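Down below is the structure, laid out as C-alpha cells.
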C-alpha cells in the first residue's frame, strides 16, 4: 500500500518557484494541450515518487493510481503548475488530477488527488480532498494572473 496526505486546508510550499494556473483560468486550448501531454505518457511506465509518498498518513493502492491514469482526465484536471526543481532552473510540468470516485476514509468521503509530473511521468504526491471541498472559497492569489507560455 502507498500513502497519501489527509490534512484539510494545508497548502504545501515548494522549495523552488512555481507558476500555477487553476482550472477556472484555463481556456479550452490550454486544457486540450494538457490532455494531449498526458495522453503521450506511457502509463505502464508511470512511477511513484517514494520519498514523498513514504511520509504520508493515508493508504491507497497502485491500482487506485492506475485507475485514475486510465481515465479520460479532461474533466479531472484541477491545476497546472510549472515548478523549478533545482538551482539550474530545470522546470517540471505538473498537473493536479482529482479523481471523481469516492473513497471512504477516516475523515469521511473524499476524492483521491494526485500530482503528476508530465515531464518525468511520475506521481509526485497524493492526497485526499473532502467531497464538499469544491474550491468555492479558493484563494486565487495562489495562482498566476496571466496565461503561462506554452499552455
Exactly one condition in (1) within 9 Å of the chain's Cα centre (by Cα); (2) on the phi > 0 side of the Ramachandran plot is false for residue 121; which is it? (1)
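Condition check ((1) modelled with pLDDT of 85 or more; (2) surrounded by fewer than 17 Cβ atoms within 10 Å (Cβ to Cβ); (3) touching a helix residue (DSSP H, G or I) at 6+ places or on another chain (Cβ under 9 Å)) across all residues:
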{"residue": "42", "(1), (2), (3)": "yes, yes, no"}
{"residue": "51", "(1), (2), (3)": "no, yes, no"}
{"residue": "71", "(1), (2), (3)": "yes, yes, no"}
{"residue": "79", "(1), (2), (3)": "yes, no, yes"}
{"residue": "101", "(1), (2), (3)": "yes, yes, yes"}
Name the residue that is surrounded by the fewest Cβ atoms within 10 Å (Cβ to Cβ), counting only residues in the range 106-151 that are modelled with pLDDT under 90 and in contact with a helix residue (DSSP H, G or I) (Cβ under 6 Å, 6 or more places away or on another chain). 151
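The values are calculated or read from the model by the stated rules, or taken from the named source; none is laboratory data. What you see is a predicted model; the values in this text were computed from it and never measured. Reconstructed Cβ throughout: ideal geometry from the backbone, glycine too, with neighbour counts over all protein chains shown.
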